[in-house]
Structure formats: C-alpha cells, structure tokens
Amino acid sequence: MAETLYYRTASDLNRELESKRISSEEIVRAVIDRTRAVDEKVCAFISFDEDDAIAQAKASDARRARGEALGPLDGIPVGIKDIMAVKGQPLTCASRMLGKFVSPYDATSIRKLKDAGAVVWGRLNMDEFAMGSSTENSSVKTTANPWNTECIPGGSSGGSAACVAAGEAPLSLGSDTGGSIRQPAALCGVVGMKPTYGLVSRYGLVAFASSLDQIGPFAHTVEDAALLLQTIAGHDRFDSTSFKTDIPDYRTELQRKRGPWKLGIPREYFGEGLDPEVEKAVRAAIEFYRKEGCEIVDVSLPHSDYAVGVYYIIATAEASSNLARYDGVRYTHRSTDVKDAIDLYFKTRAEGFGPEVKRRVILGTYVLSSGYYDAYYLKAQKVRTLIRGDFLNAYEEVDALITPTTPAPAFRRGEKVDDPLQMYLSDIYTISANLAGIPGISIPCGFSGGGLPIGLQILGQPFKEADLFAIARKFEQAHDHHTRHPAL
Ligand code: GLN
C-alpha cells in the first residue's frame, strides 16, 4: 500500500484515517518521499518545509488519538499556490518583486484549512502574479506537465495542477482569474473548479484582478474537490465581495439522486481553432449525458467573441492598479543606488517585474488613461455586462453548459513564449466564466493520441456548485480517466 498511498484520494485517505489503518504522518511521509523522487522532473514546488509538514501531521494524529479529529480533511496534505498567505511562510508569487517576503498572517482559506486540521503543504509554482497560461512566466522555474515533461502543465496554477497529477499532494489550492484553475487541471488530467465569484474569500490572496479572482480546489475526483471547496467557502468579513449565502453540504448533495439535467451546448465553443481530438472527446461526453437521459440543447452565447478582448482590458486595468503597491517601499525588493523617490520606484519596478507583468501594467495603465478610458475600459465593462447576460439568458433554459476546457491539449514548452496573443487564446473557453462570475469545473474526459489529458468544462448557475458537482460526478462515475496516472 505504501507505494501508492500518495495517489489515494482525500476521501479514501480520510476513511483510512478514521478506521485507524494509517496515520497522517504516514501519508505526509509518503507525499514527501514522492515529492523528493519526482519534483526534480516536475518542478511543481517553489519551496516546501518537510519538518513543518511532519509536525502538522503529528499534531493531527495526536488529535485523532484523543478522539478530537476536526473533520474529513484532518491530517490530509493540501498544496498551496504561492499566491496565498500562510503565516510565517515565504510568499513570492513567483516574482523577484516579493523576494524574501514572509506572510504576517493567514489567508482566510488557509485559516479555514488549518481549522479543519489539514496539513498545509509547500508553495506551488505559478506564472508571475498569476499572469500566464503555461507557468513559463514564473521567475523561479518552469513546471513540467507530468504526462509529458516536454510540455507545459498550463497556468497560471501550473504547480497546483502538476503536483496533484504527479502524486505530490492529493489536493491543492489555486486561483482562477481567467482560467488558471480549469485550464491547468484540463492539461494535467485532474479536477479543477472555479467557484462563483464571492463564494470563497479573497482575503490573503495576492490581488491580480480583484473583480475576477477566485480561489478554488484541485483534486483527483469530484468528491474531493467538493470536500475542499466545502472547507474554504463562506462569507468573510475581511472580504467585502464575499457573499452571505447558505453553503449546502456538497458531499451530502452528491449522495442524493439528481438529474437528469437540461444541458446547453454553446455553439460558439465548437468553432474554429478547436483541436479535433478535443472536440471528439467532448462530443463523446455530450453523447454520454444524452444516453443518461439528459436533454441536450444547442444554445448561443452571442458575445463570446469579445471575451478575450474584454478580459485583457479589465484584467490589465485592475492589475495596473493592484500592482502599484510594489514600489520598493513596502515590500522586500528595493533597488539600491537610487537618486530620489521617483528613481526608486522606476528602478525597483524595472528590476522586480518580469516582462509579462510589465506588459500587463503598461496595457492596463493605457486603457485607464484619460482620453482612452471611455473607449476601452468603460466599453469593456459594458460588454462584460452583455457577456453575463448571455449566460443568464441561457440559464433560463438550461441547468448548465458543456464545453471543452481548452482548445487543445498541452503544448510544448517554449512554443508560445514569444507569442503573447497565442498564449492568451489558451483561455478562450474559460475567461467568460470569470467575466460573468459564474462557477465552472474541469474534469478529465479523455486523452489525445499523444497521451495528453483532455478536459471537459461544465459551467453552472451562480451559487449552484452542488449541481455542477453532481453533473461532473455523473460522468466521472462511468469513466476511468481520473484513475489513470502519468508514468514518471
Ligand atoms: N491566462 C490568463 C491570464 O494570463 C488567466 C490567468 C489566471 O486565471 N490567473 O491572465
């Protein structure tokens, strides 16, 4: 059993812990050994602290021995994207700008994980400040796709997806501003979900584009993703955009008989640029739902064509404002040899930010500048409202939408680094959900001829995560893609 402990699901590990067949320390040691064995190839982690993880595991085992286990995640390791604050741990956002910054407090999601007894495990690689789709914009290292280390794992939460796919953690957290959970989940063959905007507190998540950012889970199965979301969801007085809403018990909801559903197939998601192998796998999934008794209807989201353009105006505008705080005064990187305060700002930012971050700050400053604001930013906000309207219209008729998560399987490392527009198109199917604020999940639905995973995206109604999990699980239960693991 020990060899495969690191590939067990969290739900399964929890059952073993409850029946006292294994300890949290054994799980954590298995994960550490696995990480030591494969992370030189995968490069999912920026850093990790083995002693700290073992200490957390021992505390969990002691709690359990006293009969005081805190819940289903007690003793289970969860990897953390290096964009979320964990008190006393480094937080880099894969940027030189944050240098040796150490978080003075816990993000709300992290506090909730700790309250649930989870073992907070490592700092996962990402594109710098979550800007990118391949993890190649990290200033630290590039993460490899565990299924083919010549390929990218997706991004920006590439480390979070790759670590679960490679067995370096059964669960992880990422953040999704335009697809950064769903896209890498699809490319690495794991489950990844972006909750409704406002379901999970953003407190302690380093801001990229505040009206789009959401934290969400990565896991091997839908049930595990539901378990992790359950733990982090809920209103938080430290985030005024977090929503006061009753959170259902997602796992209990999963046990209930649900469906059949009415599922919409947005025709704009099956056009030019969609890889034939991806289309085939997704169409097969749609056929599966039809055979299960779901009503399948064609729908249109007519403003889809504008989503990427609108996103790169709104996200960059918000980023240019959010990243203004890195001025050499308040955070750790500070240029030396400067003449005056202005020189300090210029040099610090020139040295601290990588090329993609600079591109976004310049774009964002431009679209907000006087004379261009109305033409770009204001216009983009109006189109954003139309995009949200498309979804709300569709949801008058259907329960959820089925689409591919990405236009193609993972591409090769280096292939798109010099072509930002091609890179931006990786998120063509995921971006709209962030603009509309709706939830989305990506689950494995097949493999390409080259052995790379393919993801199925299900988009749901606001705050109907329970439906999304149920629809996704229906497919998962009848297929075995999620049980396959890369040969590393
Ligand atoms: N790839 C998109 C971008 O570069 C989305 C990133 C994200 O969701 N954080 O902005």
Fill in the blank from the handout: A student applying the Cα gyration tensor rule (rounded when a/c is under 1.5; otherwise prolate if a/b is larger than b/c, oblate if not) would label region 43-163 prolate
Fill in the blank from the handout: The pairs in Lys114/Lys244; Lys262/Lys379; Lys112/Lys358; Lys112/Lys194; Lys114/Lys257 lying past 25 Å Cα-Cα in this model are Lys262/Lys379; Lys112/Lys358; Lys114/Lys257
Exercise for the section: Name the shape class, rounded, prolate or oblate, that the alpha-carbon gyration tensor gives for region 386-478, where a ≥ b ≥ c are the square roots of its eigenvalues, rounded holds for a/c under 1.5, and otherwise prolate holds if a/b is larger than b/c and oblate otherwise. Expected result: oblate
Exercise for the section: May I ask for the Kirkwood hydrodynamic radius of region 125-259, worked out over all distinct Cα pairs and given in angstroms to one decimal? Expected result: 15.1 Å
Completion exercise
Under the rule rounded for a/c under 1.5, else prolate if a/b exceeds b/c, else oblate, using alpha carbon gyration tensor axes a ≥ b ≥ c, region 288-339 is classed as prolate
Problem - Rg ratio (alpha-carbon, reference 2.2 N^0.38 Å) - the chain - result: 0.92
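Taking other Cβ within 10 Å of each residue's Cβ, how do Arg267, Arg34 sort, fewest first?
Arg267, Arg34
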Completion exercise
Partner aspartates and glutamates whose C-alpha sits under 20 Å from that of Lys58, ignoring same-chain residues fewer than 8 away, are Asp12, Glu16, Glu18, Glu25, Glu26, Asp33, Asp49, Glu50, Glu68, Asp74, Asp115, Glu168
Problem - Space enclosed by the convex hull of the alpha-carbon atoms of region 291-447, per residue, Å³ - result: 161 Å³
Practice task
Answer with one residue from Ile215, Pro276, Ala307: the one whose Cα lies farthest towards the positive end of the charge dipole of the chain, charges on Cβ with Lys, Arg +1 and Asp, Glu -1.
Solution key: Ile215
Fill in the blank from the handout: Percent relative contact order for region 192-265, counting Cα pairs under 8 Å at least six residues apart, stands at 32 percent
Practice task
Using Cα pairs closer than 8 Å and at least 6 residues apart in sequence, work out the relative contact order for the chain, in percent.
Solution key: 18 percent
Exercise for the section: In nm, give the distance between the simple-model label positions of Arg21 and Tyr373, each being 7 Å from the Cα along the Cα-to-Cβ direction. Expected result: 6.3 nm
Problem - Cα centroid of region 316-365 to Cα centroid of region 234-252, whole Å - result: 34 Å
Completion exercise
With the dipole of the chain defined by +1 on each Lys or Arg Cβ and -1 on each Asp or Glu Cβ, the option from Gly264, Phe243, Tyr429 whose Cα lies farthest towards the positive pole is Phe243
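Laboratory data are not the source of any read-out in this text; all were calculated from the coordinates shown. Bear in mind that the values here come from a model prediction, so they are computed numbers and not experimental data. Neighbour counts are summed over all protein chains in view; Cβ atoms, including those assigned to glycine, are modelled from backbone coordinates with ideal geometry.
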